[in-house]
Every structure is written in structure tokens, then in C-alpha cells.
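Chemist: Have a look at this one before I ask anything.
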Amino acid sequence: MDLHEAERRVRELRRVIERHNRLYYVLDAPEIPDDEYDRLFRELRDLEGRYPQFFDPNSPTQRVGARPLDRFDQIKHGVPMLSLDNAFSHDEFDQFVERTNRFLGREGFYDFVGEPKLDGLGVELVYEDGAFRVGSTRGDGYVGEDVTQNLRTIKGIPMYLIGDGYPVPKRIEIRGEVIMNKKDFLALNTQREERGESLFSNPRNAAAGSLRQLDPRVTAQRRLDIVLYAVGGCEGIEFETHLDVLEHLKAWGLKTNPRNRLLHTRDDVFGYFSEIEKMRDGLPYECDGVVFKINSMSTQRALGEVSRTPRWAIAYKFKPRTAVTRIIDIAPQVGRTGILTPVALLEPVNIGGARIQRSTLHNQDEVDRKDIRIGDTVVVERAGDVIPEVVGVVKDRRTGSERPFRMPERCPVCGSKIEKLEGEVFYRCINISCPAQVKERIRHFTIRGAMDIEGLGEKWVGTFVDSGVVKDVSSLYGLGKEDIVSIERMGDVLAGKLIDAIQKSRDARLDRFIFALGIPHVGEHIARTLAMRFRDIDDIGRASKEELRRIEGIGPQIAESIHDFFDTRENQIILRRLRSYLKLTNPYETAASGRLMGKRFVFTGGLATISRDRAKQLVERNGGSTTESVSKKVDYVVAGDQPGSKLDKARALGIKILTEDEFLRLVGDET
Ligand code: IVH
């Protein structure tokens, strides 16, 4: 391929890949399967590697995250980014219309565009000659932070505007909201919990925290989304209506909200409001109201703004799902790993139809940070499917009788010593036989996703432990109907059902069993990772910390936790007993085919689709082995991206060289 041809192909690939990004991330209508996309992507990356002179910061390959920054540069917005005035009732909306009429000296209603109000982070994207140049946060409305690198990692943001019948202006500032969808927020928090990291309290904080990362590679791993809804400065186009703005944005390939709607009458407006409010919990994103914007741009201009809010728009907020109540007490609760969680016991309040009387305060640091005291009047929020949260203290209701909360020095359940580990925010009861911990561990063992023992919930687990028939998870399997039938409120039928359910769980999947063990920091995801890497539970138990740490996704803390678990005598005894009851199967174990028996592999350069660890594992599963240096004894050298001198040596020795694709075909990989 000559230079000219290479340049042409690079440009073409970038265009094609961007088109597929748009189909997938903006229009939600992919046209090609993932592996086809990956193939195009790899071809582009290879070409860019060979021809660095064609580097472009807007190339799809640059979306993985550039180098970390020391700090963000400041960006002054050409046109200030305003905020919105709020309305909380139909009355307040009517007053807004009256104010507007008075200001313009006219009567009647307006054409409005209704848009769901997204709960994320306001941003501005600047495009010059159709190419993405700079992106910034709203900041205080006048000056924001330059988060260009981070915005590039959001695949819903096109690096080039497409024409599609609408001319692209020389320079344009486009505004919108970076959000994290609810399911991505929940997944992120689950992952953080597994890793022992602090949790984000809502999708907005998660979006803001992810976008304002100095290391763009972190942002790239977070699933952020964007919706565009306004234009700041623009050279060359006069928009007649707001709807016109939205249509242009859409035609240029930017993501707009499909629920935006043009509304003509007061009934339209309130109808739209209740429609969105009703679907609120079912929307994929957090939404706290509806924004109504007067459609006519000339009316907007005539109205202008007052104290940083436009006179031509209003945010009509949904009924708050918060309530004010009092903290009667704060009680530390012991979890399955011994961690003490402070829980606020509240004077019961009704929020959006649910009676709330407890709320987790997460940990002591959080209590201190929010300065929450026993006796405080607090604001409690209950969002969609999220657990109730104390969001703040009403400080001017303090009487002086409030008491700060301190973690006890002894466990409230078993009286053992409480310890705080270096560098952790958590306090822990160190007695692993603490009844509270035992109950929680057994309950965790039985939940869905773990051993899934139907009917054996918190209540019966508690009773079994208190009455002494169950001491740890292994003793569940030794239970007969006769052991539990005489327990109060049990009865013959229920006892039979519970025993059946327990027996049924003896056939289990290895990954679910690992999760069921309740090893600190090992959630469903890590459990699956372990099942992929090891054949059975004994193999995991035998693995060294170093071996565990080399597995992708497992850091030093998790490795240590897994190792400690299997190193503890009590756990070894329980595991031995469990082994005699359970029949575990590993769905991730691909049968060792032995087709590479005796073959030796060396890897050089970066692999695109799988990790080095996984590649080595695939070799081993097929009966082969890997080594670090090239010699005559080596059968294959797998050359990835930017291979080193090993490749030259392999060539000199006449060893068979494989590309990544060829390698994957050879091992018959399913990833
Ligand atoms: S329009 C002058 N439209 O809400 C108009 N804002 O409380 C200002 N927001 O800073 C922006 N969804 O970050 C607009 N559909 C929407 C919105 C929206 C969410 C945010 C935006 C703004 C804040 C104002």
C-alpha cells in the first residue's frame, strides 16, 4: 500500500467507524455485528500504527482515553450557560406565563417545546468546520473546565458533524447534559462495592465524578451518555424556532431526546408533564422534571434573561421524593464480613407512598462529612429504585441536644473488639463467629445469584442460628425435616419445602458457589472471573496471592482477601464439609482439547481483543505452554500491536509467526 492509498483508507475507515458509532450509540440501531466493527477498528489501529503521520485526535481510536492531566484548563463560555427557574405546581407555571405576557405586553399562550429535564452535568461542545474541537463543563455558567479528552471517550458524541441536508456552520457551541443511565449507575456501584470502593449516591454524582476525572482512561471505562438540547454561539445560521434547533442537532448526528415535543395549549403542557411524570421510573435515565421552552426564537430574544435565568423557559419539577424527619437514633449494624454500618432510625415518614423509617448512613466518614447527629432533623430522599438516603441536615433546627455518632469499641451483638483497618473507611467486628455475621453469611449464601435456596430468608436463618440447629453454611445440608419441624410457626409442610429447597441447591455452578461464600470484595463479577481462570474451588484455594493478582480485574486487595479466606482454618473446615455435599459444575471451563499439546508460545506486542493473561490461559487449556523468550524450542510467536525484538528473532530462527486473529482461530476462542 502506498502512502496515498494508506491515507485514503485511514480516512475511509474513520468515516465508516464513526457512522457505526452513530448507528449504535446515537440512533440505537446498529447495522453490523460487533466482530465486524472490531475488525474495522483493528484495521484502522494497525494502519495508524504504521503511518503515524496521519494522527488525528478525533480518530475513533483516540476514544479510549489520552494521557492523564495535572489539572483542567479553564474555559470561558462565549455565551453564558444559564440555569433555569423552577415551578412546582400548575399555579406556578400559570404565573410564569402571566409574567411573560406582562413583560411583552400581550395576552394568550405560547408554543412551547417540552423536554424531560435530565439529571446530569451540563456541558458545551465546540465544533469548528464540523470537527469536534473543545468541550467544557458548565462550571459557574461563565467559566467551566476543559474536559475535551474525557468527552472524546463518550461514543455518543460525534467527532465530526454530518451534513445530512443541513449545512454545518463554521463554528458552533452546542449544549447538553452528560448523564449516566440508571442501569449503568447500578452496575458501576455494584462493581465498586465488590472492590471495596466508596459508592456514588446517585447517577448525577456518578456522571459528574466520571467526567471530571484527570485520567481519561477512567472516564473511558464509565458508561456515560449525552443528550444535546441547545445552541450557544453559532456563526452562520439563524434559527427560527427551538424545534428548528433540535432538528438541526439531530441532522448533524447529535443525540437529542426522542421524547421532546412541540406543545400548543395549556392542556398540552400539563398533559405532557403528567405523561413524563408517570413514566419517570421506567425511563432509562434519572429525570426530575420537565423543561418548557418558548418555541419562537424571536420571542426568546425579546424576553432575554434575568439574574442568570432566561425569561423564556422554566423547569417544572416533579413532586419531590424527599421528606423532612428526625433521626431518633443511629445504630451500628453488623454485616456478613463484620463491617459495621451506621443505620439511621427515623421517625417514620411517607415518601411517594412508601413508609420510610431506616436509612443507611454508609460509614463513619460519611456521617462526619455530612455532620449527621443523633436527634438531627434531616432531609431524606427516595429516588426510583434506590434505597432511601439522608441527603442533608437542617442545621437551623438544631437545639443543642443533638449528639454526634461514634462507632462503638465493642461489637453490639457479640461484644468483641471493633477494629479499623489502615486505609479503609470501615470498622469491623473481628470475631468471625459473631452471630450477626454468621446469620448474614448464611443469608447471603442462600440468595438468588448465589445458592438460590428458596424460602430460606432472613427470618428462618435467624431462627436456625439462634436455636443452634445451624452453625455455619455447611450445617444446612445436614439438616433433616425432624430437626426443624418443631420450631415455632414452622409446621410439617414448610419444613418439608425448606429441606427440599436446601437439597436441590446441592447441584450448583462453581461461579455461584464462589459468590455464595461471601468472601470480602468478591461479588458476582469477580466470582465469574475466578471460575473462568480456575477449574475448581481447590485450584483457587491453592493459588498464591501473586497468581491471583495477575488475573485481570483482580487487584492486590481482592487477591489478599481471597487468599486470606482460603488460608483461614475455620473456612477450610467448612469448605471440606461443603465439598462432601455439593456437586459443582464449572460452566466456564472449556474442555481441554489438548490440540496444542507440547507446543510452546511466546507473545510479543499488545493484543487488541483479549488480555495477555487470557491468551496464556487459552494456550494452557489446550495443552500448550508459554514462555518469555524466543529460542529454537518455541513453536509459535504471536505478534500483537507494536511487537518488540522478539519478532525479529523469531523471523531469524524461522519460527511460525501468528497474528492475533490467527492465534484466536488456533485456540478456538469463544470470546
Ligand atoms: S436548557 C437556558 N434543557 O438543568 C437554558 N437544561 O437547572 C438552560 N438540564 O444547567 C439549559 N435537562 O444542565 C435545558 N432539557 C434541558 C435540560 C437542562 C437538564 C439542566 C442543565 C441546566 C440545568 C438548569
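Readers should treat all values here as calculations from the given coordinates under stated rules, not as data from a laboratory. Only a predicted model underlies this, so the values are computations on that prediction, with no experimental measurement involved. Note: ideal-geometry Cβ built from the backbone for every residue, glycine included; neighbour counts use all protein chains shown.
Chemist: Can you give the relative contact order of region 566-671 as a percent, counting alpha carbon pairs under 8 Å and 6+ residues apart?
Modeler: RCO, region 566-671: 26 percent.
Chemist: Sorted by average packing, counted as other Cβ atoms within 10 angstrom per residue and highest first, what order do 445-458, 113-126, 285-298, 404-417 take?
Modeler: So the order, starting with the most tightly packed, is 113-126, 285-298, 445-458, 404-417.
Chemist: List the chymotrypsin sites (Phe, Trp or Tyr not before Pro) within region 1-80 that DSSP assigns to loop and that have no more than 14 neighbouring Cβ atoms inside 10 Å.
Modeler: F55
Chemist: Which of the aspartates and glutamates could a cross-linker bridge to K439, judged by Cα under 12 Å and excluding same-chain residues fewer than eight apart?
Modeler: E458, D466, D472
Chemist: Run the reach check for K649 against lysines, Cα to Cα strictly under 17 Å, same-chain hits fewer than 8 apart removed. What comes back?
Modeler: Candidates past the 8-residue exclusion: K632, K633.
Chemist: Here's something else I'd like to know. What are the residues whose amide H is under 5 Å from the amide H of D215, where those residues sit 5 or more places off or on another chain and H is modelled from the backbone?
Modeler: L69
Chemist: With 33 Å as the cut-off, how large is the P(r) tail for the chain, expressed as percent of Cα-Cα pairs?
Modeler: Taking all Cα-Cα pairs of the chain, the fraction more than 33 Å apart is 61 percent.
Chemist: Sequence-distant or interchain residues sharing an amide H contact under 5 Å with V143, placed H: which?
Modeler: H77
Chemist: With each run of n ≥ 4 DSSP H residues scored as -39500 (n - 2.57), what mean residue ellipticity at 222 nm is computed for the chain after dividing by its residue count and rounding to the nearest 500 deg cm²/dmol?
Modeler: Result for the chain: -10500 deg cm²/dmol, rounded to the nearest 500.
Chemist: Give me the aspartates and glutamates in straight-line cross-link reach of K255: C-alpha distance below 12 Å, same-chain residues under 8 apart excluded.
Modeler: K255 reaches D28, E177, D225, E247.
Chemist: Listed here are the pairs K459/K481; K155/K278; K370/K459; which of them are more than 24 Å apart at the Cα?
Modeler: K155/K278; K370/K459
Chemist: Once you treat every alpha carbon in region 77-147 as an equal point and sum by Debye, what is log10 I(q)/I(0) at q = 0.15, 0.18 Å⁻¹?
Modeler: For region 77-147, the Cα-only Debye profile gives -0.75, -0.89.
Chemist: OK, next. Where in region 565-654 are there GluC sites (Glu not before Pro) that are in a DSSP coil and have at most 11 other Cβ atoms within 10 angstrom of their Cβ?
Modeler: In loop regions of region 565-654 (DSSP not H, G, I, E or B), the sparsely surrounded GluC sites (Glu not before Pro) are E628.
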